[in-house]
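Quick notes on the structure that follows.
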Amino acid sequence: MSAVSALQDQNVASTATPVYTLFDAIQTNTLDRDILARIGAGTLGAARVRDFFTRAQCEEIMQSLETCDMGSYDEQLVQPRIAKLGPATYDFYGNPELPPAYWEHTEQSDKSRSGLLFGTDPLDEATAKLEKVWGRPVTRATSQGRPMFAGMIREINSSAKMHFDEVVREFPGVVDETPLFQIAFNCHLAMPETGGEALVYRRKWQPSDERHRDGYGYAESIVADEPYVSVQAGVGDAVFFDPRNYHLVRPNVSGGRRVTLSFFMGVTADGSLITWS
């Protein structure tokens, strides 16, 4: 499930603790607050929470999606194509603020997703579970006082390039309350028998990396010697990691679809947990 580079034996902290051991991936049946804190602190590479959604819930959502129109990221920029339901802040990077098209898409997508889980919204199911773990209400991030979109449904079958996601760096000022750290949430509604694993590297973006940009992503050569974790999720499993670290998705090897309910979480200075996509 995880892999670390051979440099581990050469990199030891003053306390004689191998530095690279603090970037592993864990499997658990129960999410707790400490897991989220460790990911945010950078001492846990990823967490796979088994059966975050039941198989019956996932099957119902997938069946309901058959009557939903899925859009995609900009296909001139994002290849292979990644289908999605809902807007991403990424779609509007380069704008001074989120434009009217974002808010219109938010309203439409919330409505489309709202009845996918036996007539209810799967985002509400996920949020309720996170509130129980965090011990406080989980609310949507706001931009100029308006709740942002959260709860994208994405289909990645042919891979996603290595990239990072850091809203405060890539779209400065878009979020009203600056998150201290950012965590990615992906609940797997459908998965192929083989392939589709996510790799998360213990390396964040550096300015010099722009020399290695490849479309919307980056050349994998820049993380060739970096420790990483590889997570192969099953249907219903939720995976959490820090998306400020470089990460990618490998293509499906067997037949089948790789579909997730996805959003970001951020912790603000007062300890609130906010979400957006």
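The values are calculated or read from the model by the stated rules, or taken from the named source; none is laboratory data. Since the structure is predicted, the reported quantities are computational estimates derived from the model, not experimental observations. Cβ sites come from the backbone with ideal geometry, for glycine too, and all protein chains shown count toward neighbours. Surface areas here come from the heavy atoms of the whole protein model, side chains and all, with no ligands, DNA or RNA. Shrake-Rupley method; radii C 1.70, N 1.55, O 1.52, S 1.80 Å.
General remarks:
- Distance from the stretch 137-167 to the stretch 57-88 (C-alpha centre basis), Å: 13 Å
- The candidates Met148, Met70, Met191, arranged from most to least accessible area with a 1.4 Å probe in the full protein assembly, appear as Met70, Met191, Met148.
- Placing pseudo-labels 7 Å out from each Cα toward the beta carbon at Glu170 and Glu131 gives an inter-label distance of 2.9 nm.
- The heavy atoms of Glu170 offer some 50 square angstrom of accessible surface to a 1.4 angstrom probe.
- Rolling a 1.4 Å probe over the protein heavy atoms gives the stretch 16-89 an accessible area of 49 Å² per residue.
- Taking all protein chains into account, the per residue accessible area for the stretch 97-160 stands at 48 Å² (1.4 Å probe).
- Percent accessible area from carbon and sulfur atoms, the stretch 126-277, protein chains only, probe 1.4 Å: 48 percent
- Rounded to the nearest whole angstrom, the semi-axes of the ellipsoid equivalent to the stretch 70-155, taken from the Cα gyration tensor as √(5λ), stand at 24, 17, 12, largest first.
- Estimated dipole of the chain in Debye, rounded to 20 [Cβ of Lys and Arg +1, of Asp and Glu -1, Cα centre]: 360 debye
- Rh (Kirkwood; distinct C-alpha pairs) - the chain, Å: 19.2 Å
- Distance between the modelled labels on Glu75 and Glu226, one decimal in nanometres: 3.1 nm (7 Å Cα→Cβ projection).
- The 1.4 Å probe gives accessible areas that order Lys204, Lys132, Lys161, Lys84, largest first, as Lys132, Lys204, Lys161, Lys84.
- Evaluated at q = 0.27 Å⁻¹, a Debye calculation over the C-alpha positions of the stretch 109-165 (equal weights, vacuum) places log10 I(q)/I(0) at -1.10.
- Where the stretch 189-260 is the region considered: accessible area per residue in Å², 1.4 Å probe: 40 Å²
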